[in-house]
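Heads up: the structure comes next, in structure tokens.
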Amino acid sequence: MLPDKHGRYGPYGGRFVPETLMPALLELEEAYRRISRDKEFKDEVAWYLKDYVGRPTPLYFARHLTEALGGPQIYIKREDLAHTGAHKINNTLGQGLLARRMGKKRIIAETGAGQHGVATATVAALLGQECDIFMGTEDIRRQRLNVIRMRLLGARVIPVESGSCTLKDAMNEAIRDWVTNVRHTHYVLGSVGGPHPYPMIVRDFQSVIGQEAKAQLHRVTGRLPQCLVACVGGGSNAMGLFHAFYQDPVRFVGVEAAGHGLKSGHHSATLVAGSTGVLHGAFSYLLQDPWGNIQEAHSLAPGLDYPGVGPEHSFFKDSGRAEYVAVTDKEALEGFQLLSETEGILPALESSHAVAYLKKLAPQYGPDDLIIVNLSGRGDKDVDAVAQALEVSGEAH
Amino acid sequence: MKRIDATFKRLKKRGEKALIPFITAGDPDLATTKALALEMAEKGADLLELGIPFSDPLADGPTIQAASCRALKVGTHLQEVLKLAGELRQETEIPLILMGYYNPILQYGLEHTAQEARRLGVDGFIIPDLPLEEAGPWRKAAVAAGLATIFLAAPTSGAARITKAGRLTRGFLYYVSVTGITGARQALPADLVAALKEVRSLVKCPLAVGFGISTPDQVKGLAPYVDGVVVGSAIVQRVAILQGPELIKEVGEFIASLKEPLRGK
């Protein structure tokens, strides 16, 4: 299975980092290979996932959404019901336990929507680790609720004011901190991007999503799904869902953020509209100008607002194993409304992109076909943004 | 590359150590960079390091991040930095080293960058996010063009990696003084001299030290253990606050004060 020993998925991936970090990445890779095979560690992760995170999360047959779309049967993988309200905890828990085994007393993370920051701060509180979260000031403004959650959990939220003041810049700053404090700090990278071995580690910890969904669907229907759908920012929830089905005849669809539209230049559709290059330690698709400077991404969904993507997704794109599409902010809002009104579930704006694309997929399938959509997070964090966009009043009259 | 080797040889014969100043090209504009470069060469710099601005300089502290930002704002890019190097080469024989992140070089094309650099009189490159493991394709392009590929070693590297870096580097080995990013520091690590002695015992090539070095006193303390000293942020800080003839004069005097402790007795 990929990656190869150089951390490559085909041409993608690798370790494009300052020399100071290379020994830490080699150490992490070695520690992960050793510790992740250890039965005691596996049991520990499984125990926390069950009793602390609340796994397995349900695979819910969305009868009303299915009726509304009038095509295939839609199953929703309810990652929004995991502790902290998103899939991010699967990875932070695994990495937190790994850091403890490696003797690192401090953990740091970058965050965009705040979901990964909250999930990291949660695990730090649980395991008694010191925790610093880097977050762009623009995202702090947009995701106030999550900032408060992180602080209540005992983490320090460090505002990042460089560049576009969003996820990319938070990640630069987290890497700079790690370069400086690498000897006693573990960097809990939040997506399937970054230098090897992170794309592999995060994928492995997130692959519980697809493993559960596969078994759950089989139990109910005795079949494989025809298609899997998930949103893609860095790509961890999509990779987590896809991976268990890699060898199966199942279509993978990753939905990126088209923001104001692909032609507007204000989007985060790295795989659909980007080109290849090196960002944050990996060779992958990214958004850049002709001189190789990274461009600012845009999405109403802060978790998708990132100009890069995990290298294994780039490999899936080129090899045709997965297809990648994009929906606009406006379409995502429609997806948000559709799921809220048909099923009584407020999806995160990120996950709303996947829901929105179901409308385009449904006509391609018949009533016997099965689709699993990953509901990567719940929408509570987004209600202010959605209320503003849809002009929903919170006043008495 | 020959200019770099010749410079270290010449200095060694004289019992001198190299001063290697760094500034970001295009900060605040290319004309100022050119004037500063010529002034530094005049006042005692032995090699020049010019930064190629990049949007996401993750090995750099706030000072060089800000410089990069200023340079990008006026539209500076790799082709212009190469052109500037070509103009400098018309006026000085000082070794010119470009320092830049990998993506802009990758987008311009590894061979294209190397061939253009050679044609215009650049002597070597430092690429801080290109560790030994990933450097194969660039080394091939650079070697074919006769350019020095200057690798870095860090306090976290350990003996095996330092030895390997010493074997693969060309021009000199750049030892990173601190576990951290670039930026002027009040105090350098207490174990830096011991670390430099160890690196010296592991590698045969010329050895330069950089990151955090900002005063003539610091330069003086390190000179006996290395062949060269890199000073960056301390100069860039001056570029950030001064302008015109005042900037050129101040930087010139600063370079002279840094070179003083590196001159042979």
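In the range A:284-294, which residue that is crowded, with 24+ Cβ neighbours inside 10 Å and farther than 21 Å from A:CYS165 by Cβ is nearest to the other protein chains (Cβ to nearest Cβ)?
Per the criteria, the residue is A:GLY292.
Could you grab me the full set of residues in the range B:175-204 that are at pLDDT 95 or above and touching a Ser or Thr at 6+ places or on another chain (Cβ under 6 Å)?
Once the filter is applied, which keeps residues that are at pLDDT 95 or above and touching a Ser or Thr at 6+ places or on another chain (Cβ under 6 Å), the range B:175-204 yields B:LEU192, B:LEU202.
Starting from the range A:250-272, keep only residues that are in contact (Cβ under 8 Å) with a residue 60 or more places away in the chain, then list their pairs with residues that are basic (Lys, Arg) whose Cβ atoms are within a distance under 9 Å, requiring at least 6 positions of separation or different chains.
A:PHE252/A:ARG321; A:GLY254/A:LYS317; A:HIS260/A:LYS330; A:GLY261/A:LYS330
Taking the range B:250-265 on its own, how many of its residues are assigned to a helix (DSSP H, G or I) and among the basic types (Lys, Arg)? Before you say what the answer is, go through the steps one by one.
Kept after step one, since they are assigned to a helix (DSSP H, G or I), are these residues of the range B:250-265: B:250-262.
Those left that are additionally among the basic types (Lys, Arg): B:259.
Counting residues in the range B:250-265 that are assigned to a helix (DSSP H, G or I) and among the basic types (Lys, Arg) gives 1.
Just one of the numbered conditions (1) more than 28 Å from A:ALA389 (Cα to Cα); (2) surrounded by 22 or more Cβ atoms within 10 Å (Cβ to Cβ); (3) touching a Ser or Thr at 6+ places or on another chain (Cβ under 6 Å) is not true of A:ALA297; which one?
Among (1) more than 28 Å from A:ALA389 (Cα to Cα); (2) surrounded by 22 or more Cβ atoms within 10 Å (Cβ to Cβ); (3) touching a Ser or Thr at 6+ places or on another chain (Cβ under 6 Å), A:ALA297 violates only (1).
Can you tell me which residue is farthest from A:LEU97 (Cα to Cα) among those in the range A:150-172 that are of a type outside the set (A, V, I, L, M, F, W, C) and at pLDDT 95 or above?
Residues of the range A:150-172 that are of a type outside the set (A, V, I, L, M, F, W, C), as a first pass: A:151, A:154, A:156, A:159, A:161-164, A:166, A:168-169, A:172.
Then drop every residue that is not at pLDDT 95 or above, which leaves A:151, A:154, A:156, A:159.
Values: A:ARG151: 21, A:GLY154: 18, A:ARG156: 20, A:PRO159: 26 Å.
Within the range A:150-172, the match that is farthest from A:LEU97 (Cα to Cα) is A:PRO159.
Go through the range A:107-141 residue by residue and tally those that are over 16 Å from A:HIS186 (Cα atoms), out of contact with any Phe, Trp or Tyr (no Cβ under 8 Å at 6 or more places or on another chain) and buried (at least 24 other Cβ atoms within 10 Å of the Cβ).
The qualifying residues number 7.
Going through A:ILE345, A:ILE372 one at a time, which residue ends up being modelled with pLDDT of 95 or more, over 30 Å from B:THR113 (Cα atoms) and assigned to a loop (DSSP other than H, G, I, E, B)?
Among A:ILE345, A:ILE372, only A:ILE345 is modelled with pLDDT of 95 or more, over 30 Å from B:THR113 (Cα atoms) and assigned to a loop (DSSP other than H, G, I, E, B).
Per-residue answers, yes or no, for (1) modelled with pLDDT of 95 or more; (2) under 15 Å from A:GLY234 (Cα atoms):
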{"site": "A:VAL272", "(1), (2)": "yes, yes"}
{"site": "A:VAL278", "(1), (2)": "yes, yes"}
{"site": "A:GLU296", "(1), (2)": "no, yes"}
{"site": "A:PRO302", "(1), (2)": "no, yes"}
{"site": "A:ASP305", "(1), (2)": "no, yes"}
{"site": "A:GLY320", "(1), (2)": "yes, no"}
{"site": "A:SER340", "(1), (2)": "yes, no"}
{"site": "A:HIS353", "(1), (2)": "yes, yes"}
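Check whether at least one residue in the range A:162-184 is in contact (Cβ under 8 Å) with a residue 12 or more places away in the chain, in contact with a helix residue (DSSP H, G or I) (Cβ under 7 Å, 6 or more places away or on another chain), in a strand (DSSP E or B) and within 14 Å of chain B (Cβ to nearest Cβ), and report yes or no.
No, because not a single residue in the range A:162-184 is in contact (Cβ under 8 Å) with a residue 12 or more places away in the chain, in contact with a helix residue (DSSP H, G or I) (Cβ under 7 Å, 6 or more places away or on another chain), in a strand (DSSP E or B) and within 14 Å of chain B (Cβ to nearest Cβ).
Picking from A:GLY377, A:GLY344, which residue would you name as being touching a strand residue (DSSP E or B) at 6+ places or on another chain (Cβ under 9 Å) and under 30 Å from A:SER207 (Cβ atoms)?
Numbers: A:GLY344 fails: touching a strand residue (DSSP E or B) at 6+ places or on another chain (Cβ under 9 Å).
When all the criteria are applied, what remains is A:GLY377.
Restricting attention to the range B:49-69, does a residue exist that is crowded, with 24+ Cβ neighbours inside 10 Å, more than 14 Å from chain A (Cβ to nearest Cβ), assigned to a helix (DSSP H, G or I) and not aromatic (Phe, Trp, Tyr)?
No, every residue in the range B:49-69 fails to be crowded, with 24+ Cβ neighbours inside 10 Å, more than 14 Å from chain A (Cβ to nearest Cβ), assigned to a helix (DSSP H, G or I) and not aromatic (Phe, Trp, Tyr).
What's the total number of residues in the range A:358-385 that are surrounded by fewer than 22 Cβ atoms within 10 Å (Cβ to Cβ) and out of contact with any Cys (no Cβ under 9 Å at 6 or more places or on another chain)?
Kept after step one, since they are surrounded by fewer than 22 Cβ atoms within 10 Å (Cβ to Cβ), are these residues of the range A:358-385: A:359-360, A:362-370, A:378, A:380, A:383-385.
Applying the additional criterion that residues be out of contact with any Cys (no Cβ under 9 Å at 6 or more places or on another chain) yields A:359-360, A:362-363, A:366-368, A:378, A:380, A:383-385.
Result for the range A:358-385: 12.
Which of the following residues is without any contact (Cβ under 8 Å) to a residue 12 or more places away in the chain and either crowded, with 23+ Cβ neighbours inside 10 Å or over 18 Å from B:LEU48 (Cβ atoms) (or both): B:ALA190, B:ALA223? It would help to see each step written out before you state the result.
On the way: B:ALA223 fails: without any contact (Cβ under 8 Å) to a residue 12 or more places away in the chain.
Just a single option satisfies the conditions, and that option is B:ALA190.
Considering only the range A:316-334, how many residues are more than 30 Å from A:VAL383 (Cα to Cα) and in contact with a Leu (Cβ under 7 Å, 6 or more places away or on another chain)?
So the count comes out to 1.
Check off (1) farther than 27 Å from A:GLY320 by Cα; (2) without any contact (Cβ under 8 Å) to a residue 12 or more places away in the chain for A:GLN95 and give me the number that stays unchecked.
(2)
The values are calculated or read from the model by the stated rules, or taken from the named source; none is laboratory data. What you are looking at is a predicted structure, and each value in this text was computed from that prediction instead of being measured. FYI the Cβ positions are ideal-geometry reconstructions off the backbone, even for glycines, and counts take in every protein chain you see.
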